[in-house]
Amino acid sequence: MPSLQLLRKLAAKLRVDESYLATGSASERARPAALTEADIALRFGDPDTAAALYDQVLSQAGDVRTRALALFGLGRIAYDRGDTRAAITSLEDALELDGDVELAEPGLVETLGRAYATAGELESAVGLFERALAAATENEDLVARSRFAVLLANALIDCGRFGRAEELLGGVLAELGAAGDPAARARLYWSQSRLHAVKGNHDAAARYARRTLELLDLTEDTRHVAHAHQLLAFIELERGRPGEALELIRRGRDLLDSSSGAIEQAQFRLEEARALAALGETDQARTEAMAVAGLLADADPHDAGRSYALLARIFAEVGEVERAQELYELAAELLENEANPYLPEVYEQLGRLLEREGRTQEALDYLKRALSARQSTTVASD
């Protein structure tokens with residue numbers, strides 16, 4: 001009969017429960033008090049205390065699941081602080097330590113996928129969500145399957161692969177129907193709204209965004225409610241309703257808490273600047289646009305490229321053509337990858353600016369690039 005200390009070492013090496021080695025049946029997992037305290041501290045906005053507790057758990061725990069959860073917590077803190085590389089390292093280590101944790105704690109996979117996207121590694125995010133979706137399907141876990149399908153669809157939308165995203169979202173809608181829990185359906189409707197917004201179906205996008213708001217109000221998830229307001233403001237702007245958009249975006253900004261990062265704040269202020277420009281509030285729009293430019297230094301290429309394109313649009317609307325041209329060129333440089341859904345408009349707007357300045361040949365070159373990029377996007381979405 002091995003000692004308890006040896007059993008724990010063997011269990012850690014074999015990645016099984018120590019009780020299983022001793023008796024043949026796994027014990028119910030006991031969550032250490034320090035881990036629970038760390039989770040609560042993090043939820044209450046005290047990351048320093050949470051990090052100290054997670055480090056304590058990581059150094060003392062012998063159970064691989066507990067250590068993986070501690071690494072998950074440290075990864076979340078790193079991601080919230082903007083240290084994307086540290087977040088990826090911690091979260092990958094957690095998955096390597098205990099592969100089963102991805103279904104037990106789907107938030108780990110979600111955070112790692114978002115970290116990949118922030119680092120510009122969209123294909124890594126897609127691959128991660130594909131694997132998690134396959135594992136959830138194999139385990140017949142409907143809730144996890146719907147969650148990972150929505151996350152995968154979001155990542156595919158960011159890659160411009162609308163066909164597969166639409167297929168996934170349609171499947172989840174058919175599967176969940178009205179029986180899914182409010183939070184799961186809210187994530188689903190939000191992704192469906194984003195898909196329709198990118199494809200120009202603004203009425204459908206607005207309908208799904210409003211459903212998102214209704215469901216999120218029920219779950220009192222204020223951060224997601226704030227983002228739903230932001231998305232709905234974007235849609236209203238695309239439909240030519242800047243007054244409604246401004247009201248929505250300001251309501252959404254009021255819902256953001258102090259833990260929101262610079263990029264998150266920039267996304268909201270961008271929509272506010274666009275709305276102000278559309279309403280003729282030129283000075284206010286310029287002030288917001290300049291503030292946003294200073295917040296984008298650490299953004300990933302996809303978010304930064306789209307944001308610079310929106311900034312360029314604002315500066316063009318307030319008459320600062322030279323600044324708009326510089327920003328469009330920067331946006332094009334960041335977005336120049338295969339089938340990026342925002343690239344055609346960037347090329348087209350840049351061509352229009354050059355045409356207004358009499359630089360006909362350069363304008364024609366960019367308009368040709370816009371046509372080629374739009375054809376590539378269409379092929380990818382099919």
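With the structure loaded, tell me whether Leu343 is hydrophobic (A, V, I, L, M, F, W, C), buried (at least 21 other Cβ atoms within 10 Å of the Cβ) and under 25 Å from the mean Cα position of the chain (by Cα) or whether it fails that test.
Spelling it out, Leu343 is indeed hydrophobic (A, V, I, L, M, F, W, C), buried (at least 21 other Cβ atoms within 10 Å of the Cβ) and under 25 Å from the mean Cα position of the chain (by Cα).
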| query | For the stretch 37-48, what are the residues that are loosely packed, with under 15 Cβ neighbours inside 10 Å and either assigned to a helix (DSSP H, G or I) or in contact with a Phe, Trp or Tyr (Cβ under 7 Å, 6 or more places away or on another chain) (or both)? | reply | Ile40, Arg43, Asp48
| If we keep just the residues of the stretch 145-168 that are within 24 Å of Arg306 (Cβ to Cβ) and touching a Ser or Thr at 6+ places or on another chain (Cβ under 6 Å), which is surrounded by the fewest Cβ atoms within 10 Å (Cβ to Cβ)? | Gly163
| said: Name the single residue that is modelled with the highest pLDDT among those in the stretch 295-313 being under 14 Å from Glu345 (Cα atoms) and of a type outside the set (Phe, Trp, Tyr). | reply: Ala312
| task | Would you mind finding the one in Thr89, Thr118, Thr84, Thr111 that is on the phi < 0 side of the Ramachandran plot, at pLDDT below 90 and among the polar types (S, T, N, Q)? | result | Thr118
| task | Determine whether the stretch 12-24 contains at least one residue that is at pLDDT 85 or above, hydroxyl-bearing (Ser, Thr, Tyr) and over 19 Å from Asp98 (Cβ atoms). | result | no
| Qualifying positions in the stretch 37-65 - among the hydroxyl-bearing types (Ser, Thr, Tyr) and at pLDDT below 90 | Ser59
| field | Meets criteria (more than 20 Å from Leu97 (Cβ to Cβ), part of a helix (DSSP H, G or I) and modelled with pLDDT of 65 or more) for Ala34 | value | no
| field | Residue that is modelled with the highest pLDDT [pool: residues in the stretch 173-194 that are crowded, with 24+ Cβ neighbours inside 10 Å and of a type in the set (A, V, I, L, M)] | value | Ala186
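The values are calculated or read from the model by the stated rules, or taken from the named source; none is laboratory data. Source: prediction; values computed, not measured. FYI the Cβ positions are ideal-geometry reconstructions off the backbone, even for glycines, and counts take in every protein chain you see.
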